[in-house]
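Before any comments, here is the structure.
The values are calculated or read from the model by the stated rules, or taken from the named source; none is laboratory data. In this text, all values refer to a predicted model and were calculated from it rather than measured experimentally. Positions of Cβ are generated from backbone atoms using ideal geometry, with glycine treated the same way; all protein chains shown enter the neighbour counts. These area figures cover heavy atoms from the full protein model, side chains too; ligands, DNA and RNA do not enter into them. Shrake-Rupley method; radii C 1.70, N 1.55, O 1.52, S 1.80 Å.
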Amino acid sequence: MDPLIYLYIALGVCAVGYGGLFTMRVVRNKKRKKAENLENEKKVKENLNEVDGVRYTMEENPVKSEEEIFESQTAKEQAEDAVNVTFTQKDYILPQNTPVEITKDGELKPGKYLVLSTDENQEKFYIRVGIYVREYHHNQEIILAEGDTVCAVSGSVILR
């Protein structure tokens, strides 16, 4: 027998072995990401309760005044918040100048959301709810009622 045949057999066995290892690594990473996503969803659901398509918060006083928000955050914390945004499965991107109606059966349901900036250099932005336009800051809360129309005026934002 030709010695090249043994070389080809050895290379084939190595290729199959490495293919199997690669497949196992991909499957392991998918399982790990799925577990992380489930853990993140669980954290979000712990603070929210959905009844008849409306999201309710478990907090006694869900609305904080603007003064309370800015007194509780230092300038350093606000700068850190502006950079650390990750998009999760439950987040909703509100595109600039695109009105979205809030409905129980719609994509965006009534409830309390955090407004997050999509641009790390944009600390404040304007959002229209109904006929009123208001200035919001990164990581500030907004409560949307059924029938409201919401629109990002100054730039796209994430609602979490």
Exercise for the section: Any residue in segment 101-114 that's among the basic types (Lys, Arg): show its pairings with residues that are open to solvent by 50 Å² or more (accessible area, probe 1.4 Å) at Cβ separation under 7 Å, as long as the two are six or more apart or on different chains. Expected result: LYS104/ASP52; LYS104/GLU146; LYS112/ILE143
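Determine if segment 42-58 includes at least one residue that is at pLDDT 80 or above and hydroxyl-bearing (Ser, Thr, Tyr).
To start, the set of residues in segment 42-58 that are at pLDDT 80 or above comprises none.
So far as segment 42-58 goes, no, none of its residues is at pLDDT 80 or above and hydroxyl-bearing (Ser, Thr, Tyr).
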Problem - Qualifying residue in segment 142-152 (condition: hydrophobic (A, V, I, L, M, F, W, C), part of a loop (DSSP other than H, G, I, E, B), free of Cβ contacts under 8 Å to residues at least 40 places away in the same chain and loosely packed, with under 15 Cβ neighbours inside 10 Å) - result: no
Fill in the blank from the handout: Checked GLU101, GLU67 against criteria (modelled with pLDDT under 80 and open to solvent by 100 Å² or more (accessible area, probe 1.4 Å)); the one match is GLU67
Exercise for the section: Output the residue which, of all residues in segment 110-121 that are within 20 Å of PRO99 (Cβ to Cβ) and in contact with a Gly (Cβ under 9 Å, 6 or more places away or on another chain), is surrounded by the most Cβ atoms within 10 Å (Cβ to Cβ). Expected result: SER117
